[in-house]
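The values are calculated or read from the model by the stated rules, or taken from the named source; none is laboratory data. Only a predicted model underlies this, so the values are computations on that prediction, with no experimental measurement involved. Cβ placement follows ideal geometry from the backbone for every residue including glycine, while neighbour counts extend to all protein chains displayed. Protein only, heavy atoms only, side chains kept; ligands, DNA and RNA dropped before computing areas. Shrake-Rupley method; radii C 1.70, N 1.55, O 1.52, S 1.80 Å.
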Amino acid sequence: MQSKQTTFESLNPATDEVVGTHPVHTAEEVRAAVRRAETAAAWWESLGFAGRAERLQRWKGTMTRRAAQLADVVHAETGKPHADAMLEIILAIDHTAWAAKNAKKVLGPHRRSPGLLMSNQAASVEYHPLGVVGVIGPWNYPVFTPMGSIAYALAAGNAVVFKPSEYTPGVGEWLVRTFAEAVPEQPVLQLVTGYGETGAALCRAGVAKIAFTGSPATGRKIMAACAETLTPVLIEAGGKDAMLVDADADVDAAADGAVWGGMSNAGQTCTGIERVYVHEKVYDRFVAAVTEKAGAVRPGYDDSAAIGPITMPAQLAIIRRHITEALAAGGRAVVGGADSVGDKYVQPTVLVDVPEDASAVREETFGPTLTIAKVRDMDEAVAKANDSKYGLGGSVFAKARGMELARKLRSGMTSVNSVISFAGVPSLPFGGSGDSGFGRIHGPEGLREFGRAKAITRQRFTAPLTLTSFARGAKVDAQVAKLITLLHGRRR
Ligand code: NAD
């Protein structure tokens, strides 16, 4: 049905007003965009690191000066408060600046040791652009999340065809339009809009890589589509992040972190805190502090509301199911409860005594909810936190054992004595494992995701033992064997 539509509307989730009308791009149109991008990619690559950095900094300047305008579009399409929209824009700008500034240092030529057997060679590695990268994004952070791929892929010398979520096409359109103002020469960053079919078409349009952020279920479909042509993929999927609170933690700061980490953006955060494991010595104090703080978080669409509506209406049923199943399984709500979920907004909800096999503990809820569980010690906390199919982020509040516990969490990122701080550090890699996906955006690792490692050896002089010639002879082979035995074959 959807594929027959030629346009679709993005709606304001708080008011149901139409925010904008956008084309549903067909597979043919997506392929045409990728063909145009191939030409643009060659031009973009020819600019070199300095030429690209200068243009990306120009775009960054435009985004910064017009951030309030972009925040209006984010606010209208997602319903999130202006201040939260601004926060994700600021972080995206900082990432763009970092990627532009550091691409040459990370991806440019680096000398490597040639080793003993090839000691007559100068060895080096450098990263060349892949070509055209397809970026498929979600709606929950419609600027910050796709920009984690777009800015890094562009800085690495690729052209990008971007398919934003069908809930936030206006945000995608704004990003692509302002890029074209900063870089008018070629369509280095293009937009294709539509539903899942448009994203699937992008996977099959001959791109050099797909960078996907979204749900694990869609991630599987994307991998299957990309498998047809061996197109590599980067998957940034969901999470069920845990927070650990040790007996020596600053309980008030931990409660503050849990409430913001769990409820900001109405809980629609891939690295949002959804589960908390608290040492029994501070459990009661922690629950009391969370109860007080979460009770003060008010949903609404006015400027003083702390959280907005649920952007994707279908998510409301999932949040409702998680809460009702947790209560039916013996859990108690200390904030909110069975009727927390309305037809647009969800009241902050804090659940305790929820069995570990309940959906509220095992599946991504994506709403302003928290489960809090009491543990005897931090070994139990780590074991429970790691007993998850996801492995994205996490948080530890502790004094003595903070770093040790952070290392024990099976996640791609962990913050000690804060929440989600890792996402704001451009030099750090971001990504997960298991159902949270694979590959990394941000930082040097994020730049390398969008480059092709190119190894080069340059012969500096003719070696006495030339290995790569039929003229080598038995004498050279014997000498090499002797050398290897001397180097690696001695008894310890
Ligand atoms: P989604 O998987 O429903 O959609 C994501 C994108 O994929 C959209 O643009 C959609 O149109 C497209 N799509 C849908 N079907 C497709 C198909 N068959 N082929 C190609 N593309 C297709 O996800 P969502 O609801 O937009 O986003 C929420 C999810 O994203 C949550 O699970 C959240 O945790 C996750 N997320 C992860 C990160 C991260 O960095 N790990 C960041 C933000 C959000």
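Please give me the summed charge of the neighbours of G196: other residues whose Cβ is under 14 Å from its Cβ, Lys and Arg +1, Asp and Glu -1.
Details: positive: K163, R204, R220, K221; negative: E166, E197.
Every neighbour counted, the sum reads +2.
Computed from the alpha carbon atoms alone, the convex hull of the range 367-472 holds 227 Å³ per residue. Among beta bridges identified by DSSP and lying wholly in the chain, the antiparallel ones come to about 40 percent. In this calculation the C-beta distance from R332 to E292 is compared with R0 = 25 Å, giving a FRET efficiency of 0.90. Amide H contacts of F162: V135, Q190, L191, V192, each under 5 Å away and 5 or more positions distant or on a separate chain (H built 1.01 Å from N in the peptide plane; Pro and chain starts excluded).
The Cα atoms of the chain define a convex hull whose projected area, averaged across directions, is 28.2 nm².
What whole-number value in Å² describes the accessible area per residue of the range 1-156 for a 1.4 Å probe? Numbers along the way, then the final one.
Working: 6770 Å² over 156 residues.
On a per-residue basis, the range 1-156 sits at 43 Å².
At a Förster distance of 45 Å, what's the computed FRET efficiency of T6 paired with D302, Cβ-Cβ distance as r, to 0.05? Can you show the working numbers first?
On the way: r = 36 Å, r/R0 = 0.80.
Efficiency computed from Cβ-Cβ geometry: 0.80.
Tell me the relative contact order for the range 370-492 as a rounded percent, counting alpha carbon contacts under 8 Å between residues six or more apart.
On the way: 126 pairs, mean separation 19.1, N = 123.
Relative CO of the range 370-492 lands at 16 percent.
With a 1.4 Å probe and all protein chains kept in place, how much accessible area does S119 have, in Å² rounded to the nearest 10? Spelled out: S119, probe radius 1.4 Å, area about 60 Å². The stretch between E54 and Y195 holds 47.4 nm of extra length on full extension. This uses 0.36 nm per residue minus the Cα-Cα distance. Placing a label point 7 Å from the Cα of L467 along the Cα-to-Cβ direction, the residues of the range 477-492 whose backbone N falls under 16 Å of that point are 477-489. Taking Cβ atoms as reference points and 10 Å as the exclusive limit, the residues near V125 contribute a net charge of +2, counting Lys and Arg as +1 and Asp and Glu as -1.
Stokes-Einstein D for the range 1-58 at 25 °C, 0.890 mPa s, Kirkwood Rh over Cα pairs, in µm²/s?
Values: Rh = 14.7 Å.
Calculated translational D: 167 µm²/s.
Full extension of the segment from D379 to D16, taken as 0.36 nm per residue of separation minus the current Cα-Cα distance, would add 125.9 nm.
Restricting the range 23-108 to trypsin sites (Lys or Arg not before Pro) that sit in a DSSP loop and have at most 15 other Cβ atoms within 10 Å of their own Cβ leaves R66. Since only M86, A68, G51 are under comparison, the one whose Cα sits farthest along the positive direction of the charge dipole of the range 33-88, derived from C-beta charges on Lys, Arg, Asp and Glu, is G51. Spin-label model, A314/R66: points 7 Å from Cα along the beta carbon direction are separated by 3.2 nm. For the pair S421 and T26, a Förster radius of 45 Å applied to the C-beta separation gives a FRET efficiency near 0.60, rounded to the nearest 0.05.
Direction-averaged projected area, Cα convex hull, the range 259-396: 7.7 nm², rounded to one decimal.
Counting helices only, and only those DSSP H runs with n ≥ 4, report the 222 nm mean residue ellipticity of the chain as the sum of -39,500 (n - 2.57) divided by its residues, in deg cm²/dmol to the nearest 500.
After summing the helix terms and dividing by the residues of the chain, the value is -13000 deg cm²/dmol.
Ordered by 1.4 Å accessible area with all protein chains kept, V416, V188 run largest first as V416, V188.
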